[in-house]
Amino acid sequence: MSSPLKLTTPRIIPVLDHAFRPASLVNRAFRTEVERCGAAVPVRIALEQADGSTFRFDTKIFPNDHPAAAGNFLFLERFLKFLLWSRGGYRIFFDGPPELHAQLQRHYTESATGKFDAEIMGGRIYEKPFEIILTKDVPAARESTAPLGRHLDGCRIGFDLGGSDRKVAAVIDGKAVFSEEVVWNPVPQHDPQWHFDQINDSLKRAAAHLPRVDGIGGSSAGVYVNNRVKVASLFRGVSPELFQSRVKDIFLELAKAWGGIPFEVANDGEVTALAGSMSLNKNAVFGLAFGTSTAAGYVTPDGNITTWLNELAFAPVDYNPNAPVDEWSGDYGCGVQYFSQQCVGRLLAPAGIELDSKLPLPEKLKEVQKLMDKGDERARKIYQTIGTYLGYAMAHYADFYKIEHVLILGRVTSGPGADIILKGAREVLDLEFPDLSKQIQFHVPDEKEKRHGQAIAAASLPNIR
């Protein structure tokens, strides 16, 4: 399959993925050529959320009679997909060529990947019909930010729910007095009561180390609004009916079980960024967790969070149409296939590492980490490849986020592989994006911070006063 866009070959090619065509380079080349053509067509876009928050973006495309105009639709579709999963919204206002508006409408109503985006954004997250409106009257930006967490007083429990393990910590006045990590496998479980019991068991274990429990805060993969579950991969095995009747309010149910004490749940990416901001005492922090999936979060230069989704597991970073496909959305080149255990799993064969195909991804990762500890060159190439991916992806993310500090964590970054990943990312930024390289600092938490940081940040979410 070929692409109507000009796919730029990176100057640093991932050692195990010669077909990688970074979104950052493709977009840069497209914008440069559009400006050079001398007849650029402006396109204005706004995304609206259910609470009225609105995000504005302007771009330009080729005039319809230009030889490169065949790439206009794909450029806009990939651009919009990144906006949807980074910002969120159920209504798109579009001021551009009517024929491209019609193509986008067909994409969101007829194509499998477009229908996935429209259903998740409209039906699941914002619970309103998804629509894309052709208009000259594009609304102005209306964004709100709010402080997140940083409450350290009292006796608190913090938990973090991942796809392969769940962590919990008991915290007194900001200091962890107990922490525990339990391996679990929530994704295929059909009964939400199983999830409830497992989470509650961890909370009880932490409570045993506290004189009392003043508040509970948690981080979990997915989208949460007012402590209600909108979308979460942890519950993918649950039927739609049970999701509606039981999963959506599972954390409200847990809060009730704990006597109605302050109870707050946030996306794990947001809490990752918060943990980094608290640890570094810095703002403009972008957090990226390489776990079962990819979690991202952002703390603004003012130290606040936004209503943005930051669900970058679904955001495209590779524009090669033959790039690996996300098993959930069915789309190609999405972040989850580049910054997670899934990435490690798919790079095993190119690296020449043979493992039992029945091994779950966390076990495959452990085997790669064992090889890395022994200095195995095949394992090193996996981390080098991820590092190259990261460098180009950070340039893409920086087009949409003001980033000064990047916090990298998650199981994939444990051990010596983390240094190789960051070295590879830095090489890309130094060579291809030197101005950005001067602006961004990478950080990897130490082992203590990895064990306690996320849970302590989660514990800080509720205000118990």
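The values are calculated or read from the model by the stated rules, or taken from the named source; none is laboratory data. From a predicted model like this one, the values you see are computed outputs, not experimental measurements. Backbone-built Cβ (ideal geometry, glycine too); neighbour counts: all protein chains shown. When the accessible area is computed, the model is the full protein with side chains, heavy atoms only, and any ligands, DNA or RNA have been set aside. Shrake-Rupley method; radii C 1.70, N 1.55, O 1.52, S 1.80 Å.
With every protein chain in place and a 1.4 angstrom probe, the accessible-area ranking of Ser460, Ser111, largest first, reads Ser111, Ser460.
A 1.4 Å probe over all protein chains sorts Ile92, Ile13, Ile420, Ile133 by accessible area into Ile13, Ile133, Ile420, Ile92, starting with the largest. Placing +1 on each Lys and Arg Cβ and -1 on each Asp and Glu Cβ, with no other charges, gives the chain a dipole about its Cα centre of roughly 360 debye.
The relative contact order of region 42-109, computed from alpha carbon pairs under 8 Å that lie at least 6 residues apart in sequence, is 43 percent.
A crude spin-label estimate for the pair Ala140 and Lys402, with each label 7 Å from Cα along the Cβ direction, gives 1.9 nm. Between Leu359 and Ala208, the modelled labels are 3.3 nm apart [label points 7 Å from Cα along Cα→Cβ]. Most tightly packed first, judged by the mean number of other beta-carbon atoms within 10 Å of their residues, the peptides 19-26, 76-83 read 19-26, 76-83. Ligands, DNA and RNA are left out, and with a 1.4 angstrom probe the accessible area of region 382-425 is 23 Å² per residue. The angle between the Cα long axis of helix 377-397 and the main principal axis of the chain comes to about 70°, on a 0 to 90 degree scale.
Spin-label pair Glu33-Glu427: with each label point 7 Å from Cα along the Cα-Cβ axis, the two points sit 2.9 nm from one another. Please report, as a whole percent, how much of the solvent-accessible surface of region 77-206 comes from carbon and sulfur atoms (probe radius 1.4 Å). Whole-percent figure for carbon plus sulfur exposure: 51. Heavy-atom accessible surface of region 233-311, averaged per residue, reaches 35 Å², computed with a 1.4 Å probe.
Sorting 356-364, 215-223 by their mean Cβ neighbour count within 10 Å, with the most densely packed peptide first, gives 215-223, 356-364. Note on the chain: helix-only mean residue ellipticity at 222 nm, from DSSP H runs of 4+ residues weighted -39500 (n - 2.57) and normalised by residue number, equals -11500 deg cm²/dmol. Accessible area of Glu367 (1.4 Å probe, protein heavy atoms only, ligands and nucleic acids ignored): about 60 Å². Stretching Ala349 away from Ser245 to a fully extended chain increases their span by 33.2 nm, per 0.36 nm per residue minus the current alpha-carbon distance.
Peptide packing for 431-440, 330-339, 317-326 was compared via the average number of neighbouring C-beta atoms within 10 Å per residue; ordered from the highest value, the list is 330-339, 317-326, 431-440. Computed from Cα positions, the angle between helix 192-207 and the longest principal axis of the chain comes to roughly 60 degrees. Cα axis of helix 417-432 to longest principal axis of the chain: angle in degrees, 0 to 90, nearest 10? Between the helix axis and the principal axis of the chain, the angle is about 30 degrees. In percent, rounded to a whole number, the relative contact order of region 96-216 is 19, using alpha-carbon pairs under 8 Å and six or more apart. Note: relative contact order over the chain, using C-alpha pairs below 8 Å and six or more positions apart, is 18 percent. When you filter the trypsin sites (Lys or Arg not before Pro) in region 370-414 for DSSP loop state and at most 12 other Cβ atoms inside 10 Å of their Cβ, you are left with Lys374, Lys402. The convex hull drawn around the Cα atoms of region 90-194, when projected onto a plane and averaged over every direction, covers 10.9 nm².
Surface calculation, 1.4 Å probe, protein heavy atoms: Asp197 sits at approximately 80 Å² accessible.
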